[in-house]
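The values are calculated or read from the model by the stated rules, or taken from the named source; none is laboratory data. Fair warning: this is a prediction, and the values are worked out from it, not measured in the lab. Note that each Cβ is placed from the backbone with ideal geometry, even for glycine, and that neighbours are counted across all protein chains shown. Quick note on the areas: whole protein, heavy atoms, side chains included, nothing else; ligands and nucleic acids left out. Shrake-Rupley method; radii C 1.70, N 1.55, O 1.52, S 1.80 Å.
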Amino acid sequence: MLFRSQGADADTYRDLVISSFNRVTIENDLKWPEFERNRQRALDAVKWLRDAGIAVRGHNLLWPGWSRLPAGVEALKDKPDTLRNRILDHVRDEVGAFKGQILEWDVVNEPVTNTDVQGVLGKVILAEIGRAHV
């Protein structure tokens, strides 16, 4: 991650971010699989941006296609209550980890073309996630 890297390229990158942006969306670190894999990297990136005076848009809490979820989540498709709890626990965990640090969240990404979760839990899960993240 260039925020923690050393050297001229990393310095140039950081300077460019600070001089060019007042709001940033981190491409992958806040997506569920990557957040679970390396939570600290996400926390560090958001802290660096905030310390630099740059607002952060959180992208995203749920991308409801099986291929966009952490390993093992698809295996819960025959256990809807467990699947719902896994999703809502994740949302509460990630939002809680960044309480007061994220300007706004993309709560659900591409729910029209990625519908695996809704196929199991119904569209109501989208509203549940919206309520769980506040």
(request) May I ask you to give the solvent-accessible area per residue for the chain, in square angstrom, as obtained with a 1.4 angstrom probe? (result) 56
(request) Would you compute, from DSSP H runs of 4+ residues alone, the mean residue ellipticity of the chain at 222 nm, taking -39500 (n - 2.57) per run and dividing by the full residue count, rounded to the nearest 500? (result) -14500 deg cm²/dmol
(message) Taking the alpha-carbon distance from Lys123 and a cut-off under 21 Å, which lysines remain once sequence neighbours fewer than 8 residues away in the same chain are dropped?
(response) Lys31, Lys77, Lys79
(request) Note down the net charge around Ser67, summing +1 for each Lys or Arg and -1 for each Asp or Glu among other residues with Cβ under 9 Å from its Cβ. (result) -1
(request) With a 1.4 Å probe and every protein chain kept in, tell me what percent of the accessible surface of the range 82-125 is carbon plus sulfur. (result) 49
(request) Kindly sort Ser67, Ser20 by accessible area of their heavy atoms, largest first, with the probe set to 1.4 Å. (result) Ser67, Ser20
(request) Quote the FRET efficiency, to the nearest 0.05, computed for Ile18 versus Asn85 with a Förster distance R0 of 41 Å and r equal to the Cβ-Cβ distance. (result) 0.50
(request) Report Rg/Rh for the chain, rounded to two decimals, where Rg is the Cα radius of gyration and Rh the Kirkwood radius. (result) 1.03
